[in-house]
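The structure appears right after this line, and notes come after that.
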């Protein structure tokens, strides 16, 4: 029996409790939160889980193998650091840390203590994103042209981070996973409609070599919930609409063919459109978080490197830091 | 009987011929194009219209009152200039000209010769945009927060202008009409997947005073056709989806209320969400171009200032020029 | 503390366990099922719930106040009868029983023992259906014209009942609740593609007085999941699309106005269309089953008549029996 | 040059004029209508077409090769009869005639005079229906199970026919074309909300051998416009949504597999679901009526049998007559 504790029991913590609880040979031993009513909430649903307001009780319990940390991002570094020092494996929610430096120090610490340090980039574990990865890895898309992402809805305003840290963190992790190449620079714009310090709407552009461009639109103040990613290639294009109850991933056999070496003045006739069929692959509908929890356990048991390892966590934090820097500098390009 | 000629008979010209032809007391006297097959195409559908490959024939005909010019943008200035000098009223397709200077010179010329000079910003004449204008003018939206526009599809690659000049011109005109305020600066990114000179995908941010932000995503290489505008206000928000066969405009009674003067550390509890009903106003489904043609005639007959007058045409060209400048300068802000 | 037991732990039982478990002052004391693996499934998620393969253990336990029965319909009558005789309150899943006679006998028994007997017509407790009821009760729709329902998907083939008993039971209960008037007769057609005994696709028409017509399309063999109800009135019409993640209920201010007393030969000009705005009311998104469980407890505690009482259960069974009779008689009308 | 006349210039006639006008080597010589304003409407758009209120002028003109008749159905028989007697080829709008007898007499007359008699079942000529036909003919669907059609909207109330004759005529022709098998019997229900004579909402069931079932829902009083056909087979299923601007035809690789010879009590485990990919074939977007007009000319020129020949017209009328008989007899089955 594998024993786990969940630290932080706001919106995400209870989902971790439920999904770890449904794994074979896993027991959620503790839940910790500063607020008593959140602990009561868990107690009502999971009467056998121990609850505590002091997470240090958990660190001291040698029977606990691993911690899942779902607290505000500003506390991630310190909690993960303590956990690793107490020889616990750690599943750390995204964004991993507030700075690249913190992320690097956690990576080093995990290495030193030989513990698994995984970041909760949960979308990587959904059937939809795994299927898109499979399609892209097969080379079907041809040459990659662009990656365009929209993640907007009404709420939840965060009080310690802006909308990029809150929402774009998801899409940066998806891009990092699917593209697997190093970005060159980043530019971001945004606006604050509550206070001047915290953007609630933002647009981020990431440039790669070979004219590959990525763009992210995030908004806490939209009347509708949209979660769409469009990936364009020379041979095929993918539309991923995560709000659809089914048929989330569409693969379009559409494209444009440019005749090389043609003269500028006869440009027009050198473009050939191709419009073929579209298909919707069947995807696994298992909850992404369930797959993520299972993967975390598997990595510990079998000493594997997680798909969303700490190195990816760091790369996402690097993008977040750079986007924030650009937004404060009038959309100026920031090198990555 | 009012006599009109249409110069340029590619994609848009035949639509002008049809829509002018359906007006009362209007006769399409001539159609001109450099390509004989386009003239034959018109001849087949409209056997009584005179066709010519030499537009100068039309300028010399004193019975012709007005010209609608639907040629490539690079020819707009010269054609409109000649037409105005020949005392013709002019409906000039968008974008109005290649430069602000050209636009200003046409404005001056029209003023001198006392002719109507109107720009074909056709979306301003659709039932949807007119309804949105009516709603915004009523003050229902409260304080304006953002204007977000997406216009993407597969094709039509232009050989003389990039995707911003081709597609964003529409959305700039809609924004200019609906917001009616002067933008402060603009930033643009993009990528070229055919040749390095002409962007086929681009993202444009326009900043206004009071933290109002506008954004435009245009793409010639998308597998799906999306035309969406999202307008956010403090009290209400509008979603305009132009691809829907009906129910194109949705007005959401949703918003966020920020308590002023609250301390930073209790920020979170100072945000109040409001989620009310949504409604879909009934809109006039008359073809926008029909309304536009009617309005052009009306402006000539009754000496009115067009809704999409040359001054608006110039403002749109200014945005286009500035966006292009920014895209060539790594998304650097360009003052407007 | 109120103690409840759930009998039957297939697809629906675990949802009852979870939703009763989340009520205040309620404890799920027992879960019973014939299959050991289903009990293990519950044990894993709810370690403190007692499980048994023999439901009679529960009947004998005087501390148990109420039973929720979620077993195959063929067992409903006997289980509910025993439970009522043991003075338990009963929440019985739909369809209530196999015959009207059984339903009547349970009604009598509940009355005799003064116990609450409620039927699990769960859609009545969703925010969407409650909002539609509120709109219809306000009289906004004018004169009622029709009620049209579609409920189709792939699976779940039942081995003891046809698709009408399985799926139309839901829609019959919604119609009964919303219309509140007595139907006159019923006609049904269907087809069996597996074996000849059990229809997997069926169409049912129910006629009312005043030319009101209702229709139900149910199908276990559709590639897409559709759950739509269209309600037409003389003044307004409602479209309820239960598969949408939001905006499920749309109220259309559309209609037709017929001039009375007009002569037959000038019929055409006597029809006037009215096309006004559409609106989407905000609806409560609490899970219907949670509201249902709460209502059941409330009815017991405060001696109230349930919204979905046994009399409604009987009316739904009457429609099901009559539909089956018609389907076996070539769609012949069966009086109700 | 092939000369054609269009009789009847209401909603459909002008579309015939336009589509015949766009054919090569075809000239629309005449348009006839009883209402002068309709002739003026045509004159404005097509100044060189001759107009007349007396169709007999056209019959007498030997230069006219063919007539397209788009008048109310009650006049079809007489007009087509006269036209055939005057040796004109005839394209007759749907429904072909008011009775099967009339249809048969026109068939005989066309045969006698060796003229082409084609019925305007225009949906057969759309890219979507042709693609579905191609898929079905390939055998991909396996054993056919059902054909389910919905065609509803607000308006246009007809003064001489009910909603079945108006709307279901389309779907009967599509079913006849796609299935190509003889129906066994028909049952119909409906309701009249204007006057008692003319149904404005109706449901029609058509039964075939081998448990194949077809169903049609038509409604003039729906707030939304829905045009959907669902075709279920043992191996694949098709959803045709004609209101979508693109992606109208979806082919689902989904199904159920029934193990033959299994005992009744272990039925449940004998059903196997199969859920595979879905694909959307690229379809020709040429206007169906253009293809239809072209086909009519082709049949005349090359002495071919039309796809929608008079025999199909008669089969559709047979279904319409039988549906009306059933609706007047309380949904009783009518043999076909």
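The values are calculated or read from the model by the stated rules, or taken from the named source; none is laboratory data. Being a predicted model, the structure only gives us computed values, none of them experimental. Please note: Cβ atoms are built from the backbone with ideal geometry, for glycine as well, and neighbour counts cover all protein chains shown.
Out of all the residues in the stretch C:273-285, is one or more assigned to a helix (DSSP H, G or I) and touching a strand residue (DSSP E or B) at 6+ places or on another chain (Cβ under 7 Å)?
No.
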Original post:
What are the residues in the stretch D:209-227 that are buried (at least 20 other Cβ atoms within 10 Å of the Cβ) and more than 9 Å from chain C (Cβ to nearest Cβ), if any?
Top reply: D:214, D:216, D:218
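Does the stretch D:308-322 include one or more residues that are within 14 Å of chain C (Cβ to nearest Cβ) and over 16 Å from the mean Cα position of the chain (by Cα)? Steps first, answer last, please.
From the stretch D:308-322, those within 14 Å of chain C (Cβ to nearest Cβ) are D:322; that's our starting set.
Adding the requirement that they be over 16 Å from the mean Cα position of the chain (by Cα) leaves D:322.
Looking through the stretch D:308-322, at least one residue is within 14 Å of chain C (Cβ to nearest Cβ) and over 16 Å from the mean Cα position of the chain (by Cα).
State the number of residues belonging to the stretch D:112-129 that are surrounded by fewer than 19 Cβ atoms within 10 Å (Cβ to Cβ) and in contact with a helix residue (DSSP H, G or I) (Cβ under 9 Å, 6 or more places away or on another chain).
Within the stretch D:112-129, the first condition is being surrounded by fewer than 19 Cβ atoms within 10 Å (Cβ to Cβ), and the residues that meet it are D:112-114, D:127.
Those left that are additionally in contact with a helix residue (DSSP H, G or I) (Cβ under 9 Å, 6 or more places away or on another chain): D:112-113, D:127.
Of the residues in the stretch D:112-129, 3 are surrounded by fewer than 19 Cβ atoms within 10 Å (Cβ to Cβ) and in contact with a helix residue (DSSP H, G or I) (Cβ under 9 Å, 6 or more places away or on another chain).
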**OP:** Please work out which residue is modelled with the lowest pLDDT, limiting yourself to the stretch C:228-249 and to residues that are more than 8 Å from every other protein chain (Cβ to nearest Cβ) and under 17 Å from residue A:246 (Cα atoms).
**Re:** C:244
Subject >> So residue D:97, is it modelled with pLDDT of 95 or more and surrounded by fewer than 18 Cβ atoms within 10 Å (Cβ to Cβ) >> reply: no
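Assess whether residue A:160 counts as being within 16 Å of residue A:218 (Cα to Cα) and within 9 Å of chain B (Cβ to nearest Cβ).
Values: within 16 Å of residue A:218 (Cα to Cα): no; within 9 Å of chain B (Cβ to nearest Cβ): yes.
So residue A:160 fails the test.
Could you say which residue among C:203, C:252 is over 21 Å from the mean Cα position of the chain (by Cα), facing chain D (nearest Cβ under 9 Å) and at negative phi? Break it down into steps so the answer makes sense when it comes.
Values: C:203 fails: over 21 Å from the mean Cα position of the chain (by Cα).
So the residue among C:203, C:252 that is over 21 Å from the mean Cα position of the chain (by Cα), facing chain D (nearest Cβ under 9 Å) and at negative phi is C:252.
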Original post:
What number of residues within the stretch A:136-165 satisfy the criterion of being farther than 30 Å from residue A:254 by Cα and buried (at least 22 other Cβ atoms within 10 Å of the Cβ)?
Top reply: 4
Original post:
Name the residues in the stretch C:265-285 that are more than 7 Å from every other protein chain (Cβ to nearest Cβ) and either modelled with pLDDT of 85 or more or under 28 Å from residue C:123 (Cβ atoms) (or both), would you?
Top reply: C:283, C:284, C:285
**OP:** From (1) farther than 19 Å from residue D:15 by Cα; (2) touching a helix residue (DSSP H, G or I) at 6+ places or on another chain (Cβ under 6 Å), pick out the condition that doesn't hold for residue D:74.
**Re:** (2)
Subject >> Any chance residue D:262 is in contact with a helix residue (DSSP H, G or I) (Cβ under 6 Å, 6 or more places away or on another chain), outside any helix (DSSP H, G or I) and modelled with pLDDT under 95 >> reply: yes
Original post:
If you take just the strands (runs of 3 or more DSSP E) that sit entirely in the stretch A:1-95, which of them hold at least 2 residues that are farther than 22 Å from residue A:113 by Cβ?
Top reply: A:26-32, A:50-52
Original post:
Of all residues in the stretch A:289-336, which are more than 26 Å from residue A:185 (Cβ to Cβ) and in contact with a strand residue (DSSP E or B) (Cβ under 7 Å, 6 or more places away or on another chain)?
Top reply: A:296, A:297, A:299, A:300, A:306
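Across the stretch B:228-246, which residue is nearest to the chain's Cα centre (by Cα) among those that are outside any strand (DSSP E or B) and surrounded by fewer than 20 Cβ atoms within 10 Å (Cβ to Cβ)? Give the derivation first.
Taking the stretch B:228-246 and keeping what is outside any strand (DSSP E or B), we get B:234-236, B:242-246.
If we keep only those that are surrounded by fewer than 20 Cβ atoms within 10 Å (Cβ to Cβ) too, we end up with B:234-235, B:242-246.
Numbers: B:234: 26, B:235: 27, B:242: 14, B:243: 17, B:244: 19, B:245: 21, B:246: 21 Å.
Across the stretch B:228-246, the extreme among qualifying residues is B:242.
Is it fair to say residue D:24 is under 27 Å from the mean Cα position of the chain (by Cα) and more than 22 Å from residue D:81 (Cβ to Cβ)?
Yes.
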Original post:
Is one or more of the residues making up the stretch D:204-211 in contact (Cβ under 8 Å) with a residue 40 or more places away in the chain and more than 19 Å from residue C:193 (Cα to Cα)?
Top reply: yes
